[in-house]
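What follows is a set of notes on a single structure, which appears directly below.
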Amino acid sequence: MNFIFKCFLWCFSLVSIGIWWVFFGSEYKIINTNKKNLFSLNRHSNSIFILGSSRFQRGVDINLLKGALSKWNIMHLGLAGNTLAQTLYLANLFKELPGNKVVIIELTPYKRTFPESFKYAGAYLNIPNFLENYYRYISASRHDNFTLPILNYQEFYFWNTLTEIQNQLKVIFKGENNYKVIPIGFVPSSDANCNSVGSFLTTRDLSHYSSSGLNKTMWSKINNLLNQQKERDFKVIFVLPITSRREGEYIQEIPVFNKIPIDSKWQYDDVFLEQMAKPLNLADNNHLNVRGAYVYSQGLLKYIKSNEASWQ
């Protein structure tokens, strides 16, 4: 009897919270300018895709690139919380698009877990079977409990169902929507709240972590993508994050980066690293502000200009 009563209380609490979520929780609204461009490509298109985490999202100024690269369709698909697993998956999808594609990828840690916004971004871009194919890509079952470790499998689908019907019920009963905005692409920041340059990548980091052990999972996935490159059809460029959240974060990325062929990566030189390493370039210790994004994007533009002839 005690067990039945406990089950009743658990179910009642869960349903009550669920009802509150339907009426007061937040739905997602994707802010993105790439959707139209993504599905208007043809066999004559020349496209550059920018894929990465919030560091790329704040650090790569797509307006600067578009203004100087008129022959290219440039699509910035940076998304806060994305890791290498999600960006490699997107790169594998984009290689099937028509035309000549160059994909520039921020080399972050490889984590199978993804931000909730990743799911909504896939739906917004109208990519069929987006999550199912992602699970296949990372060789994981849909029933694995790695996406939401706090919730079990049944609870995940309970909340997912509520989220899907939430907005419709709000419109019926309240006549309004309560959106949580999820931006995709360049998000400029005017903040300048950092007085240290300790989070910037340095030549010492490049040397110090070069002898660290190779992450075989990261390298296997990257090497698989590199082997699918095809001249004037699909090219991949990897880039190290210019900042890190904490000391030692480059221990996985740098050994893998060093193993990537020279024509498939942008290597920062000492002058560029020195130009970047200024507190005025930081919004916080892990993200660039508009000034930093301008300096960084000028460097990226210079790299693209010096290599674009070999990509076409």
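The values are calculated or read from the model by the stated rules, or taken from the named source; none is laboratory data. In this text, all values refer to a predicted model and were calculated from it rather than measured experimentally. Cβ placement follows ideal geometry from the backbone for every residue including glycine, while neighbour counts extend to all protein chains displayed. Note: accessible area is taken over every heavy atom of the protein model, side chains too, but ligands, DNA and RNA are not part of it. Shrake-Rupley method; radii C 1.70, N 1.55, O 1.52, S 1.80 Å.
Values computed for the structure shown
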{"quantity": "Unique residue being touching a strand residue (DSSP E or B) at 6+ places or on another chain (Cβ under 7 Å), at pLDDT below 90 and open to solvent by less than 60 Å² (accessible area, probe 1.4 Å) when the list is 193, 167", "calculated": "167"}
{"quantity": "Subset tally (residues that are among the small types (Gly, Ala, Ser), open to solvent by 10 Å² or more (accessible area, probe 1.4 Å) and part of a helix (DSSP H, G or I)) for region 51-75", "calculated": "3"}
{"quantity": "Residue pairs meeting the criteria (Cβ under 7 Å; at least 6 apart or on separate chains; first more than 11 Å from residue 218 (Cα to Cα) and assigned to a helix (DSSP H, G or I), in region 245-268; second open to solvent by less than 10 Å² (accessible area, probe 1.4 Å) and aromatic (Phe, Trp, Tyr))", "calculated": "264/238"}
{"quantity": "Residues that are free of Cβ contacts under 8 Å to residues at least 60 places away in the same chain and touching a Phe, Trp or Tyr at 6+ places or on another chain (Cβ under 9 Å), drawn from region 180-209", "calculated": "205, 206, 208, 209"}
{"quantity": "Among (1) part of a helix (DSSP H, G or I); (2) at pLDDT below 90; (3) open to solvent by 40 Å² or more (accessible area, probe 1.4 Å); (4) within 26 Å of residue 292 (Cα to Cα) - the single one residue 33 does not satisfy", "calculated": "(1)"}
{"quantity": "Filter pass, residue 259 being surrounded by fewer than 19 Cβ atoms within 10 Å (Cβ to Cβ), on the phi < 0 side of the Ramachandran plot, at pLDDT 95 or above and not acidic (Asp, Glu)", "calculated": "yes"}
{"quantity": "Residue 243, sole failed condition from (1) open to solvent by 50 Å² or more (accessible area, probe 1.4 Å); (2) in contact with a His (Cβ under 8 Å, 6 or more places away or on another chain); (3) β-branched (Val, Ile, Thr)", "calculated": "(1)"}
{"quantity": "Selection status of residue 304, among the β-branched types (Val, Ile, Thr), open to solvent by 10 Å² or more (accessible area, probe 1.4 Å) and modelled with pLDDT of 95 or more", "calculated": "no"}
